[in-house]
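Okay, so here's the structure we're looking at.
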Amino acid sequence: MTKESQKTNTMTAEETARQNSFIELAKTLTAQKSNTLGRPLTYCLTTFGCQMNEKQSEVVAGIMDEIGYHRQDNEEADVVIYNTCTVRENANLKVYGRLGHLHSLKDKNPDMKIILFGCMMQEPHVVEKIKKTYPFVNLVFGTHNIFKFAELFYDMQQSEQQIVDIWEGTDQIVEDLPTERNYTFKSGVNIMFGCNNFCSYCIVPYVRGRERSREPEAIVKEVKRLAADGVSEVMLLGQNVNSYGKTLENPVTFAQLLEMLEDIEGLKRIRFMTSHPKDLSDELIATMAKSKKICHHLHLPLQSGSSRILKVMNRRYDKEKYLDLVDRIRTAIPDISLTTDIIVGFPGETEEDFQETLDVVAKCGYDTAFTFLYSKRSDTPAAAMENQVPQDVAKERFNRLLALVQQEGRRRSSRFEGSVQEVLVEEESKEKGIFTGRTEYNLLVHFPGNESLLGKYVRVHLDECRGFYYLGTLEENE
Ligand code: SAH
Ligand code: SF4
Ligand code: F3S
């Protein structure tokens, strides 16, 4: 049976109640199975891609936990789930590679269930390939119907056939589903879904659908609940947070939303991602400058330094506008840390265009820049462009860019060497007894500590900058 369903316009509160009833049904099934087997049932969930995927995985994990499954890291589990990404081809290839391995695990345990969801599943050619080449996958769904996971899971448990449920789009935002947070003291918070920008290289608008903002009241309520629950740092998530609220019945700007969050008790740090340079307003810069909680860090994707390429990319700013924006930000918030994303080898990129990118990197003083080789994504306008850059040329430019980015990053980040910074302690590093924390500027610091510091704010002396991170020591009086 292949189940294809259309978008519905059910009221969201009704939908939450409906899904809760499926959670109850699935719970009973789990208890019966677990009784028969005489052991708890397990699941393994892997997330590819961005923080929005991480956040949606928390919903799936929350529902699995609620249903009665125990999470484990090892894929020899009763249920294996992948939340997929397709922003670049290698994200795609990773999933296909791992499916081969899952097949062999399933040979050993035929009762094992395999679930694929997320961005990659919104591409029709991917779903065709899974139906044909990977029939042992039990359930496939996309990005628009994650809220329906309990129902899909319950259906899958009763079906011998592969279930495929992909929606082309949705206007629903379902609130209040169970979630299992990755950290107790920090959390991502979706403020909007989808993207309307259609940058010519990018597949996200096709797989995530049109831009939809959550109501500010729902966001404030969620952040208040998180803060009451011990979360002191939130990361507001959206593909283009600067256009938040434009499509609401009562429009609200992103800066106004930030102001609504400012006074929430217990909340200490507010971060957000991603800012599109074309929509970054002076109002937002002013709000950041006066806020006591918004971290002085901005991720401001450049993509290219060439005005000609930016136009073909459909980014709707040029080199001068970008540099002017950076100037205005640095004037208002002198200690701001800037990070960026850059694509190398976009169709038609010449050496001169590339030099413009190097020029912007040299001028902007990024703390970190994420550099990507252009990857052709099916059905995007750039994929049809004729003047694709040969791989070896792109690779050579990529290496030159990386060298500059690293040199500049080291120079910029070392500005804090010798200072004392407040860090939020996040986890124990791979080395026992060494803990990792993050400064307001999003820089990582490793220092000797103990478990009691997890989730706390401590003052750390930054002894030595190692490029993207620091080695430090706790201040004596901590
Ligand atoms: N909404 C964010 C970006 C989300 S995707 C923004 O507009 O800034 C994250 C990054 O992946 C992008 O900033 C871009 O640098 C990179 N990316 C997206 N599509 C790509 C492609 N086809 N090839 C290479 N890199 C790509
Ligand atoms: Fe992709 Fe552009 Fe939307 Fe970012 S703003 S998700 S790069 S289309
Ligand atoms: Fe990937 Fe989807 Fe995020 S394509 S980067 S997981 S929005």
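Assorted remarks:
- Nearest-ten-degree value, helix 319-332 long axis tilted from longest Cα axis of the chain: 80
- Rounded, prolate or oblate (a/c below 1.5 giving rounded, otherwise prolate when a/b exceeds b/c) for the stretch 421-478 by Cα gyration tensor: rounded
- Measuring nothing but how far apart in sequence close Cα pairs (under 8 Å, 6+ apart) lie, relative to its length, the stretch 1-149 scores a relative contact order of 21 percent.
- Sorting PHE22, PHE117 from the fewest to the most surrounding beta carbons within 10 angstrom yields PHE22, PHE117.
- Remark on the chain: CYS44, CYS50, CYS85, CYS119, CYS195, CYS295, CYS364, CYS465 stand apart, with no other cysteine beta carbon under 4.7 Å.
- When SER34, SER159 are arranged by Cβ crowding within 10 Å, least crowded first, meaning fewest neighbours, the order is SER159, SER34.
- Using θ = phi - 60° in the Karplus curve 6.51 cos²θ - 1.76 cosθ + 1.60, the 3J(HN,Hα) couplings for the stretch 79-94 round to 10, 10, 10, 10, 9, 9, 10, 9, 5, 9, 4, 5, 5, 5, 4, 4 Hz; x is entered for Gly and Pro.
- Taking other residues whose beta carbon is less than 12 angstrom from the beta carbon of ARG377, and scoring Lys, Arg as +1 and Asp, Glu as -1, yields -1.
- Estimated from helices alone, the mean residue ellipticity of the chain at 222 nm is -11500 deg cm²/dmol (sum of -39500 (n - 2.57) over DSSP H runs with n ≥ 4, per residue).
- Helix 216-228 and the long axis of the chain differ in direction by around 90°, with both axes built from C-alpha atoms.
- Neighbour counting of Cβ atoms within 10 Å sorts the residues THR170, THR184, fewest neighbours leading, into THR184, THR170.
- The distance linking the stretch 283-361 with the stretch 405-434 is 23 Å (Cα centroid to Cα centroid, whole angstrom).
Read-outs: derived from the displayed coordinates by stated rules, not from any lab. This one's a predicted model, so the numbers in the text were calculated from it and none came from an experiment. Quick reminder, even Gly has a Cβ in these numbers, built from the backbone with ideal geometry, and neighbours come from all protein chains shown.
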